[in-house]
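Structure first, then comments.
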Amino acid sequence: MAPSAGPLLDRLVYRGPRSGSDLRLPAEPAGRGGVAGPDIPHFVGWLGSLFFLTGLPFIPLWGVWADKYSRKAVIIRSALVEAVVFGVIAASAAPWQLVVGMLLVGFQLGNSGVMMAAIHDATPRHRFGLAMGLFAASSPLGFGAGPAIGTFMLDQLHLGSSAIFGLAALLSVAVAVMLALWSREVRPEVVPTGSLIRLAFGAVRGVMADPIVRWLFVVYGLVFVGRQMTTQYIVLLIHEVERTPLGVAGSIGLVLGVATIVGAGLSPLGGWIADRLGFRPVLVAAIGGIAISSAALPLAPNVTWLAVAYSVAIAFQAVVGAMVSGLLATEVPSERRSATLNLIYLPLYLGGIAGPALGATVVTAGLRSVFFTAAAVLAGSLVVAFAFARKSGRGAVAVGSGPGG
């Protein structure tokens with residue numbers, strides 16, 4: 001298997017059946033008498049913060065462990081822990097059991113940055129933008145397949161969420177086996193030496209001392225705050241627009257499936273453009289696209305509007321991820337590149353904690369207010385990104401040239 005095929009496979013499976021069910025989690029405990037209907041929006045928001053909170057302390061450790069010993073093992077570890085998480089959630093019969101399962105998610109995270117570092121070391125520089133665009137598209141592809149599979153299992157096979165999570169657990173085991181058998185190890189250019197704790201703290205200090213990394217982490221963090229706010233509530237918005245009860249799948253599979261597949265198909269185009277125009281202008285344009293599409297979501301009069309707006313948001317979100325990783329890979333010195341890429345999702349964790357928590361607070365003013373607030377946060381990220389784009393880099397990616405120089 002090609003070096004980047006393993007990470008792609010892991011993301012597709014991770015975002016597959018899970019996506020068709022985890023977005024419906026709030027309805028399931030309610031149906032079992034665990035969470036009352038009016039409390040569901042708050043439950044959604046706070047639940048979404050839990051696994052990021054537990055995973056946050058492990059981010060630098062997984063990256064250092066991967067560089068020192070084995071990137072492949074860290075990625076496989078994630079798939080196996082994921083299978084355990086899905087099994088626990090599948091067996092959950094009450095909200096507190098669901099919370100335990102979500103807390104365990106923190107131990108499966110920390111793989112995406114490791115994947116990006118491996119892809120960087122295995123990809124020709126003149127194709128790195130396209131490679132990261134394809135990698136960023138893999139998650140939306142899984143999100144597209146997940147709702148479709150989940151809806152079919154719920155509405156056509158008349159199975160519950162437990163069956164969906166059970167299938168997800170089996171697929172997670174399968175991807176771990178495939179990665180173990182058919183992917184190869186990709187070692188970093190510089191293998192770190194020393195104790196894990198010392199290396200982890202050193203990686204964090206080195207990353208935060210770099211002005212370019214600080215700019216990008218602020219931009220990326222604000223994007224994730226906005227996106228995590230809306231992600232937690234998109235299913236509830238679909239139900240509200242089409243006026244269907246939470247216990248019915250309705251158009252969830254159609255909206256999320258179409259939107260994520262279309263978004264995934266468009267996102268590699270951003271990487272291709274960045275290889276020719278540069279990562280910075282594409283980053284600014286993509287964040288602007290997310291802000292506009294997020295503001296359009298609560299204005300949706302019908303499901304078609306929702307699907308189009310969400311497709312655009314998914315596509316630009318993937319492009320932003322590809323541009324940030326591309327800028328870090330090309331503008332950070334080689335001796336700190338791998339450690340920086342391993343920590344690239346630190347903003348995701350912080351945004352994953354702040355976004356759902358903020359959403360759970362704002363939703364008291366109405367469901368649609370969450371999306372307008374998220375659009376305002378994304379507009380703030382756009383301002384910071386524009387300021388960053390006007391600053392000169394370290395000569396890696398100028399406007400009008402790709403990462404190949």
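A few notes on this one:
- Candidate set from region 189-235 (those that are in contact with a Lys or Arg (Cβ under 8 Å, 6 or more places away or on another chain) and assigned to a loop (DSSP other than H, G, I, E, B)); member that is modelled with the lowest pLDDT: 189
- Looking across region 335-360 at every residue that is at pLDDT below 75 and not aliphatic (A, V, I, L, M), the one that is surrounded by the fewest Cβ atoms within 10 Å (Cβ to Cβ) is identified as 335.
- Contacts under 8 angstrom Cβ, first residue in region 149-162 being surrounded by 15 or more Cβ atoms within 10 Å (Cβ to Cβ), partner of a type in the set (Lys, Arg) and not in a helix (DSSP H, G or I), 6 or more apart: 150/24; 154/24; 161/24
- Inside region 263-286, residues that are within 17 Å of residue 385 (Cα to Cα), of a type in the set (A, V, I, L, M) and at pLDDT below 90 make up a count of 2.
- Residues located in region 383-396, provided they are within 19 Å of residue 217 (Cα to Cα) and surrounded by fewer than 24 Cβ atoms within 10 Å (Cβ to Cβ): 383, 384, 386, 387, 388, 389, 390, 391, 392, 393, 394, 396
- Flag if residue 134 is under 24 Å from residue 171 (Cα atoms), in a helix (DSSP H, G or I) and in contact (Cβ under 8 Å) with a residue 24 or more places away in the chain: yes
- Residue check, residue 198 closer than 30 Å to residue 372 by Cβ and free of Cβ contacts under 8 Å to residues at least 12 places away in the same chain: no
- Residue that is buried (at least 24 other Cβ atoms within 10 Å of the Cβ), in contact (Cβ under 8 Å) with a residue 40 or more places away in the chain, closer than 27 Å to residue 372 by Cβ and not hydroxyl-bearing (Ser, Thr, Tyr), where the choices are 306, 266: 306
- Exactly one residue among 363, 332 is surrounded by 20 or more Cβ atoms within 10 Å (Cβ to Cβ) and more than 14 Å from residue 113 (Cβ to Cβ), and that residue is 363.
- Region 269-303 - residue that is more than 19 Å from residue 374 (Cα to Cα) and among the β-branched types (Val, Ile, Thr) and, of those, surrounded by the fewest Cβ atoms within 10 Å (Cβ to Cβ): 303
- In region 290-301, the condition of being without any contact (Cβ under 8 Å) to a residue 40 or more places away in the chain, of a type outside the set (A, V, I, L, M, F, W, C) and touching a Phe, Trp or Tyr at 6+ places or on another chain (Cβ under 6 Å) is met by no residue.
- The set of residues from region 99-131 being more than 30 Å from residue 324 (Cα to Cα) and either buried (at least 23 other Cβ atoms within 10 Å of the Cβ) or of a type in the set (Gly, Ala, Ser) (or both) comprises just one member, 101.
The values are calculated or read from the model by the stated rules, or taken from the named source; none is laboratory data. Note that the structure is predicted; figures quoted are calculated from it, not measured. Please note: Cβ atoms are built from the backbone with ideal geometry, for glycine as well, and neighbour counts cover all protein chains shown.
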